[in-house]
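Below: the structure, in structure tokens.
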Amino acid sequence: MKTVSSFNFNQKRALIRVDFNVPLDAEKQITDTSRIEAAKPTIMHILEQGGSVVLMSHLGRPGGKPSNDFSLSHIVDRVSEIIGVSVQFSEATIGHEAEKAASALAPGKVLLLENLRFFNEETDGDESFAEALSKLGDIYVNDAFGTAHRAHASTAIIAKYFGENKCFGLLMEKEIRAIEQVLKTGEKPITAIMGGSKVSSKITIIENVLPAIDHLIVGGGMTYTFVKALGGSVGDSICEDDKLDLALSILEKAKEHNVTVHIPVDVIAADDFSENANTKIVDSNAIEAGWQGLDAGPKTLEQFEKVILASKTLLWNGPVGVFEMNAFAGGTKAIGRFVQAATENGAFSLVGGGDSVSAVKQFGFSDKVSYVSTGGGAMLESLEGRTLPGVAAILE
Ligand code: AMP
């Protein structure tokens, strides 16, 4: 795997695709800088070796035309502050002006290009646009894991114009290795904790991870499709009636792969989908009409705890309850504590894909697990077993 360690960047200009698609408030202030912080190690690595850096990113969805609302000029000062180097800005993304600014960069200097998505050619994966971008650096570094599942000009197409001079940035490397550490080289027992609302949105991941894992913990809204498929009564709980056969086929496949499936035995049921609903603890297969399961119950959590604490490798995707409401966040918080405890005992834990990432951040577990993925869609597609175009382009 070609990484930044494969090159000496001294006197070289690195063209880095970063993901600076940060949230801005009405005053164009960044409300969450984590994506910039995540790209910092790669930038610093190259600068410290005596290289210079050209940064390219998208911001929002400007729809292929310039727009002040989506200008990356708004973030230049914050980027400078975070990396501790004064960043220059190029209003031109490609062309003569951009090339002039890039070639004038002295070692240790950083240039940020204007929003790639001011051009439809970016999302279209246009070859001439990719080639024009490629003129801005000697070595192409892809560190934008969040967009690695897109075959865009700057994330994939561009790589071929650099021959051997292309590599993954440190963030991309970490993401790729974290997935490998779960699905390829993980120490057993390996447990996948799958939550979220629907089986249908997680089915491809479950099918892809089954051959690699020993235990599958099912939680969240998905629970009720499994419980009903097994003959239980789920009351008004979220349930995909057209996916009952699918749930049974997952259980069949799990058996073929010797995977033990753990489905909640009890749940916290509510008489309304609301924070102030009346609640009671009931068996997951005996929920009355008018009631819906919104979180894992205490017996369930006790069982999940044992499985998680005995695991050496953990993948956690999706909350086990409606964690956005305090009344139903307890299960997801408990899973966070169990994953933390397993990690403290030496397990490798990866939290990835969507809502589980928001949950670990919200409940303060981010630095208590081994790795929290920064790429929602890209992580989900990797877990589904798909090769990401941005990854393939570097490996080719
Ligand atoms: P996903 O995007 O598929 O990972 O689903 C995450 C969403 O699932 C969160 O917004 C949770 O509130 C929701 N969720 C988790 N458990 C339940 C449940 N028992 N009933 C309804 N929604 C749930």
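The values are calculated or read from the model by the stated rules, or taken from the named source; none is laboratory data. Since we're looking at a predicted model, the values are computed, not measured. Don't worry about glycine lacking a Cβ; one is built from the backbone with ideal geometry, like all the others, and counts go over all protein chains shown. Note: accessible area is taken over every heavy atom of the protein model, side chains too, but ligands, DNA and RNA are not part of it. Shrake-Rupley method; radii C 1.70, N 1.55, O 1.52, S 1.80 Å.
Screening Ile190 on (1) free of Cβ contacts under 8 Å to residues at least 60 places away in the same chain; (2) touching a helix residue (DSSP H, G or I) at 6+ places or on another chain (Cβ under 9 Å) shows it passes everything except condition (1). Find the residue count for the stretch 219-242, including only residues that are over 31 Å from the mean Cα position of the chain (by Cα), open to solvent by 20 Å² or more (accessible area, probe 1.4 Å) and either among the β-branched types (Val, Ile, Thr) or at positive phi (or both). Counting residues in the stretch 219-242 that are over 31 Å from the mean Cα position of the chain (by Cα), open to solvent by 20 Å² or more (accessible area, probe 1.4 Å) and either among the β-branched types (Val, Ile, Thr) or at positive phi (or both) gives 2. Filtering the stretch 191-225 to residues that are within 12 Å of the ligand (Cβ to nearest atom), part of a helix (DSSP H, G or I) and in contact with a Gly (Cβ under 9 Å, 6 or more places away or on another chain) leaves Ile205, Met222, Thr223, Tyr224. Among the residues that make up the stretch 5-13, is at least one of them modelled with pLDDT of 95 or more and in a helix (DSSP H, G or I)? Yes, there is a match, as at least one residue in the stretch 5-13 is modelled with pLDDT of 95 or more and in a helix (DSSP H, G or I).
Highlighted here are the helices (runs of 4 or more DSSP H) found entirely within the stretch 53-165 that include at least 1 residues which are of a type in the set (D, E, K, R) and under 23 Å from Gln11 (Cβ atoms): 96-103. Within the stretch 169-190, which residues are farther than 15 Å from Trp316 by Cβ, over 14 Å from the mean Cα position of the chain (by Cα) and among the aliphatic types (A, V, I, L, M)? The one that is farther than 15 Å from Trp316 by Cβ, over 14 Å from the mean Cα position of the chain (by Cα) and among the aliphatic types (A, V, I, L, M): Leu170.
From the list Gly64, Gly60, Gly108, which one is in contact (Cβ under 8 Å) with a residue 60 or more places away in the chain and surrounded by 13 or more Cβ atoms within 10 Å (Cβ to Cβ)? Exactly one residue qualifies, and that residue is Gly108. Residue count for the stretch 186-204 satisfying the condition of being at pLDDT 95 or above and surrounded by fewer than 16 Cβ atoms within 10 Å (Cβ to Cβ): 2.
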